[in-house]
Every structure is written in C-alpha cells, then in structure tokens.
1. For I75, enumerate residues with amide H under 5 Å from its amide H, sequence gap 5+ or separate chain, H modeled in the peptide plane.
2. State, to one decimal in nm, how far the label point of S461 lies from the label point of K55, with both points 7 Å from Cα in the Cβ direction.
3. I need the phi-derived Karplus couplings for region 406-419: 6.51 cos²θ - 1.76 cosθ + 1.60, θ = phi - 60°, integer Hz, Gly and Pro marked x.
4. Could you list the GluC sites (Glu not before Pro) in region 22-72 that lie in coil according to DSSP, counting only those with at most 15 other Cβ atoms within 10 Å of their Cβ?
5. At 0.36 nm per residue, and after removing the present C-alpha to C-alpha distance, how many nm does the segment from R476 to K42 gain when stretched out fully?
6. Report the label-to-label distance for R350 and V231 in nanometres (one decimal), using points 7 Å from each Cα along the Cα→Cβ vector.
7. Using a 10 Å cut-off around each Cβ, can you sort L480, L245 from fewest to most neighbouring Cβ atoms?
8. Going by how many other beta carbons lie within 10 Å of each one, how would you line up W372, W304, fewest first?
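Computed from the coordinates by the stated procedures, all read-outs in this text should not be read as laboratory data. On a predicted model such as this, the values are computed, not experimentally measured, just so you know. Heads up, the Cβs are rebuilt from the backbone with ideal geometry, glycines too, and the neighbour counts pull from every protein chain shown.
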Amino acid sequence: GVRFLPVSFIARHKAKRLIRIRYEGGAIRVTPSHSVMVINDKGEIEAKKAEDLKKGDLLISFVSNMSGKKRRIDISAYKPSEFSMLNGKLVRNPKIRLSMEQFELTPDTSWLLGAYLAEGCTGFRSGTSGSVILTFAYPQEIALAERTLSIANRLGLSSYVNLTSSGFDRTRYSAIQVRLLNTQLARFFRESFYSGGSTARYKRVPNFMFDASVDDRIEFLKGYMNDGFGVWGEYVRICSVSKELLIDIAWLARLSGIDSSVFEQEVRFIWKGTRFSYTKAELLPSAPFITFFEDVRLRLHGNWRNVLRHQLYSKKARRVSKEVLKKVMDMIDLTSLSREDKKRYERLKRLVESDLYAVRITEVSEEFYDGWVYDFGGPGSETFFGGTTPVLLHNSDERGINVIRDTVKRFARSRSLADVPFKILVLDEADHLTADAQHALRRTMEKYTDTCRFILSCNYSSRIIEPIQSRCAIFRFTPLPREDTIKFLKRIAEAEGVKLLEDGVEAIADVAAGDLRRAINLLQAAAATKEVVDSKVVYDVVGLVHPKRVAELLNTVVSGDLVKARDELRRLLYVDGYSGSDIIRQIHSQVFRLNLPEHLKVQIIELIGETDFRISQGGDEEVQIMALLARIRLAALKGG
C-alpha cells in the first residue's frame with residue numbers, strides 16, 4: 001500500500017544533464033541514470049533508466065484513500081501574553097477573550113482551513129492584535145460566509161462581517177469579508193500556511209493535513225474549491241500563482257481518492273460519472289494481461305477476445321480499464337491452472353486490485369543543468385513516489401547486472417599502477433544486488449583473481465547467492481555493546497562541550513540498539529535542539545513516546561483504572577501526535593516488566609502482534625490499542 005515513511009538517508013551529487021519527463025497530469029526532472037519504475041510484459045514492476053524512456057511509455061502512478069487519523073494540533077505556542085504591565089503593575093490583558101491549547105481537526109474546521117488557503121489572509125494591528133480574514137465572492141458568498149460564521153460561533157471566536165470589492169470592477173462591492181478576531185489563531189495560520197513569504201505566491205498546504213483523516217482531507221479540499229470552479233464529484237479546476245501549492249493540492253487529492261492533474265497555474269480533479277465514463281486512474285497496461293490470457297486461453301470460459309477487442313486490434317489502445325480486466329479474469333477456471341500460472345494470476349490480480357495505474361509519457365526532453373541533485377531513501381523500501389503528481393521511482397539503479405558488467409568489471413580487470421599485487425573492491429549493501437547481477441559478479445570474481453579482491457558488505461547474508469558465499473570467508477559483526485556505545489557518546493559529549501545527562505545517554509543507547517552511527521546522529525540532533533540532553537529531549541527528537549509514559553499507562557491499566565488509561569492514550573495519539581505503531585512497540589518493550597505470570601505475558605505479546613497487524617491494515621488506532629489495554633486488564637485479573 002501507499003504510505004508515508006521517514007527518510008532514512010539523503011545523498012547528493014553534481015549533475016550536468018537532466019531528463020524532463022512530461023506525462024499525463026504531471027512532470028518530473030531526474031538525472032539520465034535515475035531509475036523510473038514501469039510494468040513489464042510479465043506484469044512485474046521493474047526499474048528503467050530515465051534516458052531509456054520514450055514518448056508513449058507507461059509509468060506507474062496511484063490514487064488511494066490513505067488512512068489518516070483525527071488530529072488535534074497543539075497551538076499553545078501561539079498564545080498571546082495573558083498579562084501586561086499597566087502603571088507598573090502586572091494586570092490581566094482584557095483584550096484576550098479566548099485562548100486555546102489545541103485546534104481540533106473536524107470536517108468543519110478542515111473546511112475552514114481550506115477556505116483560508118483559497119482566499120484568506122492574516123492581519124495584525126501594531127504587530128500584536130491579529131485576525132484571520134476570509135473573502136467569499138459571487139455566486140455562493142452568502143452560503144459560504146454563513147458557514148464560516150457558524151463554525152466561528154461553535155469555536156467561541158469573535159467575528160466581524162463587511163462587504164468588499166471583488167473582480168475587475170473594484171468600485172462594486174460584490175464579495176463578503178469575514179474577520180475572525182483572534183490573535184492566537186492568526187499566528188497559527190500565518191505559521192502553518194506559508195513557506196518563504198507571506199503572500200499568496202508562498203502559500204502551501206499545512207503538513208498536518210497530509211496525515212489527517214480522509215473525511216477531514218476531503219472537506220479541506222472542498223473549502224479550497226472556493227478558489228476554483230466546477231461541480232464537486234464531476235469536474236473541478238482550481239487556479240493559483242503558487243506552483244508548490246498546486247503540487248501540494250494534487251498530492252493531497254491523490255491521497256484522498258481523487259484523480260488529480262497539474263497544469264500551468266492550475267490543478268484539476270475529475271471523477272468517473274455522467275460526464276466522464278472512465279478516468280485514467282482505472283487504466284493498466286494491457287500487454288501483460290493479454291500475454292497471460294493467451295497462455296491460459298484453454299482455461300477461459302467466455303469470449304475474452306471480444307471483451308479486449310480494442311486492445312488486441314488497435315495499436316493506440318495500450319491500456320485497459322481494471323473493470324474490463326476483472327471481467328475477463330472472472331472467466332478463468334482457476335482449478336485447472338498450473339502452479340506457475342496460478343502465481344501469474346495472483347500477481348496480476350493484486351495489480352488490478354491495487355491503487356496503482358498507468359500514465360502515458362507525452363514528452364521526453366534533455367536539459368542542461370549545473371548543480372546538485374538529491375537521492376532519498378526510506379527504511380525497508382527502495383522505491384518512492386515523486387513528481388508534480390506521483391510516479392513511482394527507484395532511489396538507485398546501481399544494483400543491476402549492467403553495473404556489474406560495466407563498472408565493476410572494468411575496475412576489476414585493470415591493473416594497478418602502484419607496486420601492489422592487487423586492488424580491493426568493496427561492494428556495500430551487496431544484498432540488494434539482483435540475482436542476475438550476483439551471478440555476473442561471481443563470474444567476475446573468478447576471472448580476475450590476479451588483479452582484484454572483493455569485499456562484500458551486507459545486512460542479510462541469506463540474500464547473497466550460494467555460489468558467492470562458498471567463495472568467500474564470512475565475518476559476522478555483532479551490534480556494538482551497550483557499554484561501549486555509552487562510553488563513546490560520553491567521550492564525544494565531553495570533547496564537544498555537550499551537557500549529556502545520564503538518562504539522556506541511556507535513552508540514546510536504547511534507541512540506537514548497537515548502531516553507533518545512529519547514536520552519534522541522535523546526539524548531534526538532540527544537542528542542536530536543547531542545551532541539556534536528557535531522555536525527554538532524545539525521545540522528542542526521534543518522535544517516539546517516552547518509555548516512562550507507556551510504563552505508567554500499563555500500570556494504570558493493571559490497577560484497573562481504564563478511564564484514566566483511555567484519557568492518557570488519547571493524549572498520546574491526539575495531543576502529542578504519536579503514531580499507534582510507535583505506542584504498540586513501546587508497549588511491547590514494557591510488557592516484560594509487568595508484575596504478571598510468564599504465561600500471561602506470552603498471551604499479551606501475541607495480542608500485541610495481532611493489534612499491530614490490524615493497525616497496519618487500516619484499523620482505528622484508538623479502538624485497537626484500547627481493546628489491547630482491556631485484554632491486558634483481563635490478564636491482570638486472571639493473574640491475581
């Protein structure tokens with residue numbers, strides 16, 4: 001599935017050329033050697049260099065209802081001072097009528113945020129007294145203004161309404177302006193909606209909207225539609241002078257189940273319905289499916305050629321809708337398929353049922369460039385989506401057979417100019433080499449033993465093919481012992497003048513788990529954040545819930561106060577913004593410290609695994625974790 005992951009590494013290098021790829025609804029610029037993912041004739045997703053792509057090739061995109069969560073944004077930092085000096089005395093500021101700790105995202109408040117993004121701004125008088133200003137123009141100005149006032153009333157905000165000019169005739173008062181009089185809210189909006197400036201050109205979608213619930217994201221987009229025209233659910237066009245904002249909106253729509261496209265100063269949404277019989281989000285390459293249907297044609301009960309007549313007999317029809325593919329796949333007698341054909345069927349079925357679809361390249365051009373380019377990688381994944389609208393990319397192509405045949409082989413066979421018997425070639429992350437590349441490497445290792453020796457570094461030796469393993473001496477490195485990690489961190493802290501407390505270094509050692517590089521990076525990040533590095537700073541930097549809070553939560557559950565436990569869980573999820581998966585991992589680490597019999601701990605660990613799986617499959621985090629806590633309470637009762 002499609003989901004957000006933290007960036008695990010960033011690498012950069014100079015580039016002289018770039019390839020600009022324009023495709024249906026978007027564009028992207030990459031280096032010629034950068035890999036873009038395509039679907040081959042077997043229905044497999046594989047990497048292809050950008051310089052090898054041509055007009056008409058099909059790339060991979062997606063439209064997905066990515067799960068999110070209800071959000072409560074901490075806005076306490078934007079509070080104005082509640083007290084001021086008057087005649088030498090500290091008195092309460094009478095102008096502050098409302099201050100808030102949190103701003104809760106609901107369908108209404110999300111719509112309000114979208115409306116602000118469309119036609120809103122902030123105003124400050126004398127740099128202190130602030131207001132949020134929203135402008136609504138003809139023809140729906142009355143209904144939109146009334147909804148804004150209704151939301152403001154429920155939030156307890158003071159408001160003010162006036163008529164204002166709109167359009168080309170500035171003497172004609174055809175728009176309604178609604179002012180929400182709250183300095184804290186104005187500061188929050190100013191900090192959340194802009195990047196690099198404070199005008200419409202610098203507007204962006206706030207980061208917290210991307211992992212909000214689907215309903216809230218949809219209402220946010222509906223609020224932003226005030227800046228465009230069309231009919232929601234059919235066809236919408238929205239204009240903006242901010243290119244980055246259009247890209248943000250297009251991505252937010254894709255994550256919310258809406259097919260979107262980015263054009264010059266415009267983003268468009270379309271839905272399948274009376275106006276459009278299909279959208280491009282339903283299309284997949286026809287070639288791998290036709291090849292499969294030809295191979296199993298004797299197991300097909302129905303006239304599949306008639307169903308796919310356009311794809312079979314027209315060179316232009318290179319794609320086919322998922323609906324048509326499902327119809328043909330339902331004709332197959334699965335019981336008569338061979339084991340290999342069943343695997344092919346399952347692979348193609350997963351593709352049809354996925355959020356992925358194919359977009360056609362409309363133009364490929366080369367550009368001169370003299371600057372840095374950046375490569376990103378995520379944990380456990382070599383692929384990611386990029387572009388003005390998402391297309392699937394690969395973070396590197398240096399794991400394929402061509403690199404072994406060209407770069408590695410050329411280095412291995414050349415003799416060293418120095419007075420040394422051989423050269424040493426180190427291949428890092430060798431377990432990511434493809435099987436074909438490893439077989440090519442094995443032949444190179446055997447052929448050039450006189451000129452080169454090889455060192456392969458990997459995380460999983462089982463992913464290295466047996467012929468290579470049998471030709472190598474294997475050295476296994478264990479994680480750095482905890483005491484050595486702590487000793488090294490203290491030495492760095494002393495040399496750099498960092499005030500590192502004992503609980504801080506213990507926390508870094510726990511999180512790093514024997515990875516010294518990660519431990520040093522954590523120390524550096526924590527030291528840059530605060531003058532004193534303690535455990536709270538460390539866990540704030542890594543975005544993990546503090547183990548003490550989880551331990552207190554479990555003790556509360558075991559003692560029987562589930563209401564208090566529920567309140568604390570909600571604080572962790574909605575106020576502090578921790579993910580359910582992170583909380584589950586910390587619960588797992590703390591279970592062993594509970595005062596319960598061993599057999600009950602075993603049962604609880606099994607329940608934790610089930611809960612983690614359900615959350616990963618889209619289950620509600622609060623409901624699933626609360627159910628887990630209830631089961632832990634039952635186990636505590638059984639244990640006496």
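1. Q102, F103
2. 5.4 nm
3. 9, 5, 5, 5, 4, 5, 5, 7, 7, 7, 6, 7, 7, 7
4. The qualifying sites are E44.
5. Stretched out fully, the R476 to K42 stretch lengthens by 152.5 nm.
6. Here the modelled spin labels are 4.0 nm apart.
7. Values: L480 17, L245 23.
Ascending Cβ contact count within 10 Å gives the list L480, L245.
8. Working: W372 9, W304 22.
Ascending number of Cβ neighbours within 10 Å: W372, W304.
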